[in-house]
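Engineer: If you scroll down you'll find the structure; I have some questions about it.
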Amino acid sequence: MVITITQAATGVVVLYVLSCLFLRFTQCPSEPPPVGTTIPFLEPIIGLSRRKWNYYVDLRDRYRFPIQTLRLPGMRLYVVNSASLVQAVQKQPKILAMPPLEAKAMIRVLAPSEESHSIVYENVDGRKGDWGFMFMFYKTIHPPRSSRPRGLLLLMGLDVFAKDTVQARKRIADAFERYFRNGLHGQASALIKAHYAHSIDYKLPLQDLAKLEVGAALGVLSNIVPTTFWLLYHLFANPHALQLCRKEVENATKESADAKGRLIRTIDVSDVKSSCPTLLSSFRETLRLHTVGASARLVMEDFMLDGKFLLRKGALVLLPQSVQHTDQSVWGSNVGIFDCERFLKANKRTNAVEFRGFGGGTTLCPGRHFATTEVLAYTAMFIMRFDIEPRHGRWVQPTTENSGMWTVTAGPDYDVGVECRSREGVPVDMHWRLSLSKSDHVMSLAAEDLGTR
């Protein structure tokens with residue numbers, strides 16, 4: 001049977017009309033207004049594939065809705081733009097739940113045993129009370145204060161196409177299992193101890209705890225490296241910021257001599273965290289400019305958000321960081337420019353809610369203080385010891401177009417050529433050390449931290 005051009009065109013028109021009608025009659029008037037409907041169900045896919053996380057910003061700027069609906073084949077996405085609605089979402093951790101999504105991703109990507117499946121999924125949304133491995137995970141881990149293309153294949157269940165990733169995951173998990181079996185976690189941070197105790201309390205097999213620790217490690221390390229790159233880039237590309245941060249770190253540095261008379265300069269990371277406000281502000285500003293992830297929640301039942309917007313059971317609620325971090329009405333006309341003093345406001349609650357570098361609510365990143373300590377320690381040591389200049393005479397910020405949709409901190413598309421040398425006036429034979437005099441200082445990294453001070 002030969003299909004003519006006229007028949008094909010007629011079929012496309014009929015399909016388009018039916019799609020428009022289906023979208024119209026399945027969208028409740030009380031739901032957030034639908035956007036991206038010029039090509040029903042396909043336009044959001046096209047937009048996300050082309051613009052990635054910037055697509056959410058484009059839609060916010062175009063429509064200015066506090067919350068909007070994206071209709072994809074078989075899926076509703078409610079994208080939250082308003083900071084007040086972000087808070088409203090975070091106040092409903094059981095109805096708008098993140099643990100069910102994390103549990104599904106954890107099992108697909110980290111492949112724990114069948115025995116652990118029931119442990120992970122039991123009361124995953126907390127509807128039966130405040131218990132359950134996933135539901136209580138963040139509440140247990142928080143007190144101490146202390147994914148890639150192939151990862152996406154694992155999330156989709158396509159392990160056969162990611163054999164090298166599966167093998168690497170096994171090697172790391174085996175190493176973590178030996179680590180726990182040998183009791184080395186007893187010498188670790190409060191964060192690791194809390195994670196271990198929580199897993200044992202729920203009788204999670206040790207080999208599965210090791211697999212979950214792989215995910216925790218990747219979540220921290222995969223963001224620390226690009227964040228450190230961007231912080232160093234912005235400091236050296238902004239001489240004023242570099243000068244201020246060096247002066248602060250200098251005050252947190254002590255000079256001494258060892259038994260052989262060698263000069264030693266020790267940077268106290270605890271002092272860096274507590275008495276280097278410009279450096280900490282620069283770190284938060286770096287996260288504001290370069291974190292592009294989106295927190296997700298699963299709607300467990302039909303729910304009226306803020307008494308205005310109907311959220312349908314089974315839909316996903318997205319809280320894109322890039323939307324909050326690029327709002328000119330919040331951050332000012334220089335929203336796209338690095339400002340090392342942006343977070344030095346007298347009122348420490350200014351912009352606290354809008355800043356979502358570590359997420360927020362009950363799923364606030366439990367490793368934020370650990371990650372921040374690592375980034376600040378490396379950065380403090382680097383800026384005190386070295387000077388770097390762009391190889392071609394001026395700093396040109398690299399693009400981030402190649403970073404995937406699953407990225408939390410967008411990495412540069414290419415290396416930045418620089419010339420690195422020891423700082424002038426710093427003795428060549430100087431020995432450098434890092435110390436951590438105390439680890440209980442709580443930095444204000446998110447709105448939730450302000451309540452702990």
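The values are calculated or read from the model by the stated rules, or taken from the named source; none is laboratory data. Keep in mind that this is a model prediction, so the values were computed, not measured. Quick reminder, even Gly has a Cβ in these numbers, built from the backbone with ideal geometry, and neighbours come from all protein chains shown.
Engineer: Within the group P112, P93, which residue is under 17 Å from L319 (Cβ atoms) and not in a helix (DSSP H, G or I)?
Structural biologist: P93 is the lone residue from the list that is under 17 Å from L319 (Cβ atoms) and not in a helix (DSSP H, G or I).
Engineer: Then there is this: Would you mention how many residues in segment 245-265 are in contact with an Asp or Glu (Cβ under 8 Å, 6 or more places away or on another chain) and not charged (D, E, K, R)? Before you say what the answer is, go through the steps one by one.
Structural biologist: Residues of segment 245-265 in contact with an Asp or Glu (Cβ under 8 Å, 6 or more places away or on another chain): 251-254, 262-265.
Narrowing further to those that are not charged (D, E, K, R): 251-253, 263-264.
Number satisfying all stated conditions: 5.
Engineer: Also, I was wondering about something else. List pairs: first residue in segment 1-24 and under 17 Å from E43 (Cβ atoms), second residue surrounded by 11 or more Cβ atoms within 10 Å (Cβ to Cβ) and not small (G, A, S) anywhere in the structure, Cβ distance under 6 angstrom, at least six positions apart or on different chains.
Structural biologist: From segment 1-24, the pairs are S19/P40; C20/P40; L23/P40; L23/R71.
Engineer: Take the conditions over 21 Å from the mean Cα position of the chain (by Cα), of a type in the set (S, T, Y) and modelled with pLDDT under 85 and apply them to S189. Does it pass? Break it down into steps so the answer makes sense when it comes.
Structural biologist: Numbers: over 21 Å from the mean Cα position of the chain (by Cα): yes; of a type in the set (S, T, Y): yes; modelled with pLDDT under 85: yes.
Considered against the rule, which asks whether it is over 21 Å from the mean Cα position of the chain (by Cα), of a type in the set (S, T, Y) and modelled with pLDDT under 85, S189 comes out as yes.
Engineer: Okay, moving on. From the list I39, I46, I67, which residue is surrounded by 15 or more Cβ atoms within 10 Å (Cβ to Cβ) and hydrophobic (A, V, I, L, M, F, W, C)?
Structural biologist: One residue alone meets the criteria, I67.
Engineer: Could you tell me which residue of segment 178-223 is surrounded by the most Cβ atoms within 10 Å (Cβ to Cβ), considering only residues that are of a type outside the set (K, R) and part of a loop (DSSP other than H, G, I, E, B)?
Structural biologist: L204
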